[in-house]
Amino acid sequence: MSLWFINIAMDNGKPITAEYDFPPYSLCGSVPLWLIHNRTQRNVAKPPDESIAAAIPPVLVYDGSCGFCGRSVQFILRHERHHDLLFVTRDSPLGQDLRRHFHLEGVESMLWIARDQASIESNAVLRAARYLGGIFSALAALGSLVPSPVRNWAYRLIARHRRRLTSRATSCVVPTAEQRERFLA
């Protein structure tokens, strides 16, 4: 039996190797692939802008003149666990700048922005549900099994009739003193 050496990572310019008694491309070896993956990730430095993007809390860009959207924001405020989500209305200068930054000026959807990536339509809803955690995270996992075109069709259907789904034309979000600082525009 021959031993195989796998270059796991670099330490001060010298390769760190590990011995395995199976070829590195084998899926039948006794070392799980996640172990090899975790070892290769240990000494990998993240670019500085990625760590900055990870430190910024998520942002929800929503339609501030829509009662359904306002109630959705109130729902998130009632059920969130982390209390770090930032809110921006879509038509505010900051909301327009964010949409322009992500080249989504023509998109009438809510936006979920996290780690310098924007999600729209049903993907934004699923990310918001995951943010809430608990049963909502489980529902998001189930929802992600539905093909994206079907989810987005349902999102657009609800969005088209969202003003009729609420009894009042608008539902203003009245945040508490602690929540007020998280509403950027």
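The values are calculated or read from the model by the stated rules, or taken from the named source; none is laboratory data. The structure presented is a predicted model; accordingly, all values stated were derived computationally and were not measured. Methodologically, a virtual Cβ is constructed for each residue, glycine included, from the backbone with ideal geometry; neighbour enumeration extends over all protein chains shown.
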Practice item. Return only the number of the condition from (1) touching a His at 6+ places or on another chain (Cβ under 8 Å); (2) more than 18 Å from residue 80 (Cα to Cα) that residue 117 does not satisfy. Key: (1)
Point to revise | Test for residue 136: is it of a type in the set (Phe, Trp, Tyr), surrounded by 13 or more Cβ atoms within 10 Å (Cβ to Cβ), assigned by TED's automatic domain parsing to the domain that holds residue 58 and in contact with a Phe, Trp or Tyr (Cβ under 7 Å, 6 or more places away or on another chain) | key: no
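If I filter segment 103-120 for residues that are in contact with a Phe, Trp or Tyr (Cβ under 6 Å, 6 or more places away or on another chain), buried (at least 16 other Cβ atoms within 10 Å of the Cβ) and in contact (Cβ under 8 Å) with a residue 12 or more places away in the chain, do I get at least one hit? Outline the logic, then answer.
Taking segment 103-120 as the starting set, the residues that turn out to be in contact with a Phe, Trp or Tyr (Cβ under 6 Å, 6 or more places away or on another chain) are 110, 118-119.
Adding the requirement that they be buried (at least 16 other Cβ atoms within 10 Å of the Cβ) leaves 110, 118-119.
Then drop every residue that is not in contact (Cβ under 8 Å) with a residue 12 or more places away in the chain, which leaves 110, 118.
Taking every residue of segment 103-120 in turn, at least one turns out to be in contact with a Phe, Trp or Tyr (Cβ under 6 Å, 6 or more places away or on another chain), buried (at least 16 other Cβ atoms within 10 Å of the Cβ) and in contact (Cβ under 8 Å) with a residue 12 or more places away in the chain.
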Review point. Residue 107 passes all but one of (1) touching a Lys or Arg at 6+ places or on another chain (Cβ under 9 Å); (2) of a type in the set (Val, Ile, Thr); (3) assigned to a helix (DSSP H, G or I); which number fails?
Key: (3)
Study note, to complete from the structure: residue 185 fails exactly one of (1) hydrophobic (A, V, I, L, M, F, W, C); (2) in the same structural domain as residue 86 (by TED's automatic domain parsing); (3) touching a Phe, Trp or Tyr at 6+ places or on another chain (Cβ under 9 Å), namely (2)
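Name the single residue that is nearest to residue 87 (Cα to Cα) among those in segment 121-146 being part of a helix (DSSP H, G or I) and free of Cβ contacts under 8 Å to residues at least 12 places away in the same chain. Before the answer, list the steps.
So the first thing to find is which residues in segment 121-146 are part of a helix (DSSP H, G or I), and the list is 121-132, 134-143.
Checking which are free of Cβ contacts under 8 Å to residues at least 12 places away in the same chain leaves us with 130, 135, 137-139, 141-142.
Working: 130: 16, 135: 23, 137: 20, 138: 23, 139: 23, 141: 24, 142: 26 Å.
So the residue we want is 130.
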Exercise for review: Search segment 164-185 for residues that are farther than 13 Å from residue 87 by Cβ and pair each with any residue that is surrounded by 10 or more Cβ atoms within 10 Å (Cβ to Cβ) and modelled with pLDDT under 80 when their beta-carbon atoms are under 8 Å apart and the residues are at least 6 apart or on different chains.
Suggested key: 169/163
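Taking segment 74-104, which residues are within 20 Å of residue 166 (Cβ to Cβ) and assigned to a helix (DSSP H, G or I)? Can you show your working first?
First pass over segment 74-104, keeping only residues within 20 Å of residue 166 (Cβ to Cβ): 74-79, 87, 89-91.
74, 75, 76, 77, 78, 79 - these are the residues of segment 74-104 that are within 20 Å of residue 166 (Cβ to Cβ) and assigned to a helix (DSSP H, G or I).
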